[in-house]
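Have a look at the structure below, then the notes.
The numbers here are math on the coordinates, done by the rules we state, and not lab data. The structure displayed is predicted, hence computed values, not measured ones. Counting neighbours? That spans all protein chains shown, and the Cβs are built from the backbone with ideal geometry, glycine included.
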Amino acid sequence: MINATAEGTGYTIVENASLEGRNTFRVPARTDLLVDVTRREALAEVLAFPYLRSRPLLLLGGGSNLLFTRDWPGVVISIAAHGVRIVEDRGDAALVRAEGGENWNDFVQWSLARGFFGLENLILIPGSVAASPIQNIGAYGREASQFIATVEAWDRQTTRLVRLDNADCRFAYRDSLFKREPDRYLITAVEFLLPREADLRTDYAGIGEELALMNCAASAATVAEAVARLRTRKLPNPAVIGNAGSFFKNPVVAADVALELQREHPALPTWSAPEGARKISAAWMIEASGMKGVRDGDAGVSDQHALVLVNHGRATGEQVWALAQRVQAKVLERFGVLLEPEPIVI
Ligand SMILES: Cc1cc2nc3c(=O)[nH]c(=O)nc-3n(C[C@H](O)[C@H](O)[C@H](O)COP(=O)(O)OP(=O)(O)OC[C@H]3O[C@@H](n4cnc5c(N)ncnc54)[C@H](O)[C@@H]3O)c2cc1C
């Protein structure tokens with residue numbers, strides 16, 4: 001058993017650690033061992049500890065896309081390495097490397113302050129840079145995968161550091177190779193190709209209207225401000241009330257299924273999806289099932305946004321999960337559609 005706190009070696013270790021402050025639902029959970037790796041070079045040494053090799057391993061970033069329904073019976077590793085630098089300047093674009101422990105929103109602010117375009121619609125998404133490729137974070141018509149050039153990761157199968165280019169990562173809507181193979185890669189850094197030319201996306205979910213209200217011309221800074229205002233109005237702030245953002249994905253269904261649903265429910269919003277499929281609004285279906293604002297003890301469906309489950313105070317992860325399953329059952333009964341959770345449920 002490792003029982004030392006190893007400061008200055010590139011990692012710190014805490015035994016029997018609480019994870020309550022490490023997840024944005026703020027539900028209680030503990031782990032046998034919590035390891036924060038502050039230097040990438042220390043990772044191989046940490047992963048070689050015999051104790052770590054024999055126990056279940058969970059990777060944790062900002063804890064903003066997972067729900068603990070129990071303690072973690074093993075080791076939790078968090079990549080806490082920081083740093084952002086331009087690796088190669090190509091004039092009209094630059095290759096920028098961000099270490100995995102960087103806060104995503106700080107990185108977006110860094111890119112805006114240096115005149116880069118692309119990440120403005122992805123402002124205010126909580127979490128780490130390392131987690132951004134995992135579910136290919138997206139918002140307001142943009143996805144991280146549009147700017148990711150390379151992901152650097154520790155491959156637990158081959159026990160070496162690998163570099164995966166954009167195509168290798170098999171990005172899709174809230175999905176990637178890393179989500180499909182959760183026990184294989186430990187992401188250490190991400191390289192982004194950020195343009196200096198404006199190609200703004202303002203036609204999505206009220207950005208144009210917000211810019212008009214702000215009486216501003218579109219620029220990366222004003223689009224970021226518009227998105228920040230929209231998000232602040234629409235989403236409960238995890239610093240005030242525990243949550244993990246959208247708890248369910250918008251289901252993607254065949255076009256004829258969407259058409260049939262719209263025939264029965266003409267107000268159901270749908271959007272185009274790859275290969276002729278349609279994405280349908282999970283929030284609308286939850287609200288129409290009477291679940292918006294519903295509360296089971298301290299576990300609740302937000303009354304601000306039907307897609308968001310919240311912890312009103314002392315809910316456990318089990319209670320939040322039980323409510324999520326109630327929402328799933330109601331929507332399935334009313335619409336025949338099974339909602340899939342977006343966060344990882346542990
Ligand atoms: C208020 C709020 C709003 C949100 N809005 C959005 C949004 O608009 N769009 C969106 O896409 N998401 C959104 N999210 C979800 C969340 O912010 C993102 O998914 C984010 O990328 C999660 O980052 P994290 O560091 O907190 O990851 P965590 O929650 O810590 O981990 C998420 C997953 O990644 C794995 N993981 C973590 N670090 C590593 C690593 N280094 N290597 C390999 N695997 C790792 C974990 O094991 C877990 O499976 C929102 C969440 C909240 C709370």
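Report the far tail of the P(r) of the stretch 4-126, meaning the percent of Cα-Cα pairs longer than 24 Å. Percentage above 24 Å: 39. Dipole size of the chain about its Cα centre, with +1 on Lys/Arg Cβ and -1 on Asp/Glu Cβ: approximately 480 debye, rounded to the nearest 20. Taking a ≥ b ≥ c as the square roots of the eigenvalues of the Cα gyration tensor, the chain is classed as oblate, since a/c reaches at least 1.5 and a/b does not exceed b/c. Normalising by residue count, the stretch 111-241 has a Cα convex hull of 122 Å³ per residue.
The residue list Thr150, Ser128, Val75 was ranked by how far each Cα lies along the charge dipole of the chain toward its positive end, using unit charges on Cβ atoms, and Val75 comes out on top.
Taking a ≥ b ≥ c as the square roots of the Cα gyration tensor eigenvalues, with a/c under 1.5 meaning rounded and otherwise prolate when a/b beats b/c, else oblate, which class fits the stretch 166-248? It is oblate, given that a/c is not under 1.5 and a/b is not larger than b/c.
Ordered by the count of other Cβ atoms within 10 Å of each Cβ, fewest first, Tyr185, Tyr140 give Tyr140, Tyr185.
Database remark: amide H of Lys249 closer than 5 angstrom to the amide H of Glu340, Glu342 (H placed geometrically; neighbours at sequence offset of 5 or more, or on other chains; Pro and chain starts carry no H). Listing Trp321, Trp104 from fewest to most neighbouring C-beta atoms within 10 Å gives Trp321, Trp104. Around the amide H of Ser128, modelled in the peptide plane, lie the amide H atoms of Gly62, Trp104, all under 5 Å away and 5 or more residues distant in sequence or on another chain. DSSP bridge analysis restricted to the stretch 25-134 gives an antiparallel fraction near 40%, rounded to the nearest 5. Each of Thr232, Ala273, Leu200 was scored by the projection of its Cα onto the charge dipole of the stretch 195-317, and the greatest displacement toward the positive side belongs to Thr232; charges sit on the C-beta of Lys, Arg, Asp and Glu. Using the Karplus relation 6.51 cos²θ - 1.76 cosθ + 1.60 with θ = phi - 60°, the per-residue 3J(HN,Hα) values for the stretch 316-328 come to 8, x, 4, 5, 5, 5, 4, 5, 4, 5, 5, 4, 4 Hz, with x marking Gly and Pro. Restricting the calculation to Cα atoms, the stretch 203-296 yields a radius of gyration followed by a Dmax of 16.4, 45 Å. For the stretch 76-91, backbone phi angles converted through the Karplus equation (6.51, -1.76, 1.60; θ = phi - 60°) give residue-by-residue couplings of 10, 10, 10, 7, 10, 7, 10, x, 9, 8, 7, 8, 8, 9, 9, x Hz, Gly and Pro being listed as x.
Using the Cβ-Cβ distance between Arg163 and Leu332 with R0 set to 30 Å, the FRET efficiency from 1/(1 + (r/R0)^6) comes to roughly 0.10.
Figure the gain on full extension for Arg184 and Asp92 (residue separation times 0.36 nm, minus the Cα-Cα span) and round it to one decimal in nm.
29.6 nm
Taken one residue at a time, the phi angles of the stretch 221-226 give Karplus couplings (6.51, -1.76, 1.60, θ = phi - 60°) of 5, 6, 5, 4, 5, 5 Hz. Gly and Pro are set to x. Take every Cα pair under 8 Å whose residues are at least 6 apart in sequence, average their separation, divide by the length of the chain, and the relative contact order is 15 percent.
What is the dipole size for the stretch 100-188, taken about its Cα centre, with +1 at each Lys and Arg Cβ and -1 at each Asp and Glu Cβ, in debye to the nearest 20? Once rounded to the nearest 20, the dipole reads 140 debye. Residues of the chain were split at every exposed loop site, defined as GluC sites (Glu not before Pro) in a DSSP loop with at most 16 other C-beta atoms within 10 angstrom, and the longest piece left, sites excluded, is 8-196.
Basic side chains Lys and Arg get +1 at the Cβ, acidic Asp and Glu get -1 at the Cβ, and with that the dipole of the stretch 1-121 about its Cα centre reaches some 260 debye. The spacing between the stretch 1-74 and the stretch 203-228, judged by their C-alpha centroids, is 40 Å.
For Asp71, the amide hydrogen comes within under 5 Å of the amide hydrogens of Arg30, counting only partners 5 or more places away or on other chains and with H modelled in the peptide plane.
Lys-Lys pairs in the chain that are eight or more residues apart or on separate chains and whose Cα atoms lie under 22 Å of each other come to 11.
Work through the residues other than Val252 whose Cβ is under 9 Å from its Cβ and net out their charges, Lys, Arg +1 and Asp, Glu -1.
Neighbourhood net charge equals +3.
Take the Cα of Phe49, step 7 Å toward its Cβ, do the same at Asp199, and the gap between the two points is 4.4 nm.
Of all DSSP beta bridges located in the chain, what percent are antiparallel, nearest 5?
80
Could you list Trp110, Trp284, Trp271 in order of exposure, starting from the residue whose Cβ has the fewest other Cβ atoms within 10 Å?
Values: Trp110 16, Trp284 19, Trp271 12.
The most exposed by this proxy come first: Trp271, Trp110, Trp284.
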